[in-house]
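What follows draws every value from the coordinates through simple rules; no lab data is involved. For clarity, every value in this text was computed on a predicted model and none was experimentally measured. Because the Cβ atoms are built from the backbone with ideal geometry, glycine has one as well, and the counts that use them run over all protein chains shown.
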Ligand code: GTP
Ligand code: MG
């Protein structure tokens, strides 16, 4: 039979880590944290005022991890309060609402704010990022699909999880992956392990697929000005075809993007003399 005492002594040293939550107001940052820490969901919106702070203890393999959670307010009004809390974070929960495209588009500006506030400390390779595509329970109002979210996240070496603070879907798995990655990073001398960042495609490929998905017409899709010549269209097409050809590009959505580019070129060439 096992006894408790020797087990504790065998444990590796415990770790203290700091994590923060980022994302537009009302995307569900506080609810995600509450769902994990308190196993409950509050439907009424209670905006975070500046910042909320909490501590939780988790066990990752044979280590005890003391997690300090700084839950940021997403409203621009609280920028002055938030900006003090970016420094020394080992993990970031980047949250958007799958029913609000602007909250997804805002992820880049959240990263930019963080980089700016961290100043010379801004070594993003020493931070674990988890992207939470939240409110997946509200399927009818969903406008950002999994492929698009996953592409944005994985092209940056970030984890991607679909979550619902309301139903609890994905929450435990997401936090387990988050804390386990932070522990791996601490054990790896503060560097994100390389295996996590090599996803087999480049940021340029991912950004191009995203741009193509969001383009407003065929000119825009090929990245040429309306009224461009056949040569210009063909040149732009060749560049995109090489970048996105499904034999060369494993990024999610590359096949659809490639087909869209082929169709855009065909329809433009029909109308150019
Ligand atoms: P700020 O503190 O203002 O930055 O907002 P926040 O991102 O912390 O949002 P909060 O967690 O307070 O949630 C905002 C609203 O969305 C609340 O009314 C929540 O009940 C609701 N909400 C959060 N997560 C979910 C979810 O997964 N599904 C659904 N249906 N509603 C959610
Ligand atoms: Mg909040």
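See the values below:
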| quantity | calculated |
| --- | --- |
| In degrees, nearest ten, helix 254-271 long axis to first principal axis of the chain (Cα) | 20 degrees |
| The chain, helix-only ellipticity at 222 nm - DSSP H runs n ≥ 4, -39,500 (n - 2.57), divided by all residues, nearest 500 | -12500 deg cm²/dmol |
| Cα gyration tensor shape of the range 137-239, rounded if a/c is under 1.5, else prolate or oblate by comparing a/b with b/c | oblate |
| Cβ-Cβ FRET estimate between residue 242 and residue 188, R0 fixed at 41 Å, reported to 0.05 | 0.70 |
| Using alpha-carbon coordinates, inclination of helix 203-213 to the longest axis of the chain, degrees | 60 degrees |
| Gained length - residue 44 relative to residue 234, 0.36 nm times residue gap less alpha-carbon distance | 63.0 nm |
| Gained length - residue 167 relative to residue 79, 0.36 nm times residue gap less alpha-carbon distance | 28.7 nm |
| Stretchable slack from residue 124 to residue 269, in nm (0.36 nm times residue separation minus alpha-carbon distance) | 47.8 nm |
| Burial ordering of 152, 110, fewest other beta-carbon atoms within 10 Å first | 110, 152 |
| Efficiency of FRET from Cβ geometry, residue 53 and residue 214, R₀ 45 Å, rounded to 0.05 | 0.75 |
| Percent antiparallel among DSSP beta bridges (both partners in the chain, rounded to 5) | 30 percent |
| Fewest-first ranking of 79, 86, using other Cβ atoms within 10 Å as the exposure measure | 79, 86 |
| Likely footprinting exposure, 49, 69, 171, fewest C-beta neighbours within 10 Å first | 49, 69, 171 |
